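Reading through the structure tokens given below for one structure.
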Amino acid sequence: MDEEIVLVDIEQQENAAAVGYIGRGMIFRPAGKELVSLAPPRSEAARTLEDAGLYPCNDRNLSDFPFYPVPSLTLFGEDENGTVYGMVGGPDEDAPVGFVTAEGEYGIAAENVGVFLQLLACPGWQKTAREKGEPPAFVLYPSRAEAEKEWRFADLLDRI
């Protein structure tokens, strides 16, 4: 029996990013975006990230990022060119790190957060991250409404 992937909008449902439930022929996966921080504000780690040119974006609004990723993208930083970086599929340090440029180009910057942090130590890391060449592990839509044309969404609150 093939299992159907059903998306849960993490922008609409609090604490839905950890979704990965499998049952009754369905696999629930998070979609949309959320904002997190890699380091506490004003910490040495935060200063190190900023010195490398990666700035926190967790104080912004989700509406500042006019795209809708499937699966989800947990955004943690932004460079001076407006490219945002985040963990694909939820807040997991082992997840691939994806990027979305201000022009709407997207892809995979690193295989996980650890590799991404190593990349930050290299001069010109932004260009290297965008030229990695791996196919994206996510798809960008202009909105949830556009994603709904291809995917089924569930309201987790209806299932409790």
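Going by neighbour counts of Cβ atoms within 10 Å, the residues Leu62, Leu49, Leu54 line up, fewest first, as Leu62, Leu49, Leu54.
Amide H to amide H distances under 5 Å link Tyr141 with Tyr68, Val70, where only residues 5 or more positions off or on other chains count and H is placed in the peptide plane. Across the range 39-56, coupling constants 3J(HN,Hα) worked out from phi with the 6.51/-1.76/1.60 Karplus curve, θ = phi - 60°, read 8, x, x, 6, 8, 4, 5, 5, 5, 5, 4, 5, 4, 7, x, 10, 10, x Hz, and Gly and Pro carry x. Here the Gaussian network model covers the chain, with springs between Cα atoms less than 10 Å apart; of Lys127, Lys149, Lys33, Lys149 fluctuates the most.
Computed from phi, the 3J(HN,Hα) profile of the range 74-83 under the Karplus parametrisation 6.51, -1.76, 1.60 (θ = phi - 60°) reads 8, 6, 10, x, 9, 9, 5, 8, x, 7 Hz, with x in place of Gly and Pro.
Using mean projected area of the Cα convex hull in nm² as the read-out, say which of (i) 13.8; (ii) 10.0; (iii) 20.7 was calculated from these coordinates. Given (i) 13.8; (ii) 10.0; (iii) 20.7, the structure-derived one carries the label (ii).
Coordinate-derived values only; no laboratory data. Note that this is a predicted model, so its numbers are computed, not measured. Neighbour counts are summed over all protein chains in view; Cβ atoms, including those assigned to glycine, are modelled from backbone coordinates with ideal geometry.
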